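Below is one structure, written out as structure tokens; the observations come after it.
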Amino acid sequence: MHPLRDIHPTTFKKGKIMRFFKGLLVGIILGAVGYWFVQEKARQHPESEQRVKDSAARAGASASDAAHNFSDAFKAELDALDLRPDQIKDEMTRTGKIVRKKAQEIAGHVADATADARIVTEIKAKYAADSDLSVWSISVSSTDGHVALSGSVPSPEGVAKAIALALKVGGVVDVTSTLEIKPK
């Protein structure tokens, strides 16, 4: 005779539930003891704790410096490409579009559909990673490396950033933008 067959089904379920809660209680107790142990060891070695805090502070300062240097370099690149906000506004008023070519032309480069698809995908990925640009508001197309941007951005700075990011992608010959400026 099987020992579990003689047990009433509700008694059997209660036993499983009780074992579960006992195991849960033991797990909570062991976790609390482990947490206490780690905290106690940290209090016994304050110099280690201070080293961790100092390292975190240095890492934060380095990240801040790197971000500042990147910002300065990006502003210089926008100036070199004639993508300052005042230039964007002026050119949009005069022609209704912005066209910028890469400094180095790719001689004899024959682009195919897969290269254009890769270009569009890389540009869209850059827009998705940038908090100032909406990948959903900017349409990107590419034909033989000639990129066209359309849609809207909230400012002339957004137009400049969209063009500059597109020009950074390999295989891009030039970028034509008809992006409209629509403040949020």
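Read-outs: derived from the displayed coordinates by stated rules, not from any lab. Only a predicted model underlies this, so the values are computations on that prediction, with no experimental measurement involved. Quick reminder, even Gly has a Cβ in these numbers, built from the backbone with ideal geometry, and neighbours come from all protein chains shown.
Annotations for the structure displayed:
- Exposure proxy ranking, count of Cβ atoms within 10 Å, fewest first, for ASP79, ASP86: ASP86, ASP79
- Pairs from the table (LYS75/LYS126; LYS75/LYS168; LYS101/LYS161; LYS75/LYS182) lying more than 19 angstrom apart at Cα are LYS75/LYS182.
- Peptide ranges 93-101, 123-131 listed from the most packed, as the mean C-beta count within 10 angstrom indicates: 123-131, 93-101
- Shown is the FRET efficiency for SER150 and ASP72, computed with R0 = 30 Å from the Cβ-Cβ distance and rounded to the nearest 0.05: 0.50.
- Bridge type composition, the stretch 83-181 - antiparallel percent by DSSP, nearest 5: 60
- Estimated inter-spin distance, THR143 and GLU40, nm [label 7 Å along Cα→Cβ]: 7.5
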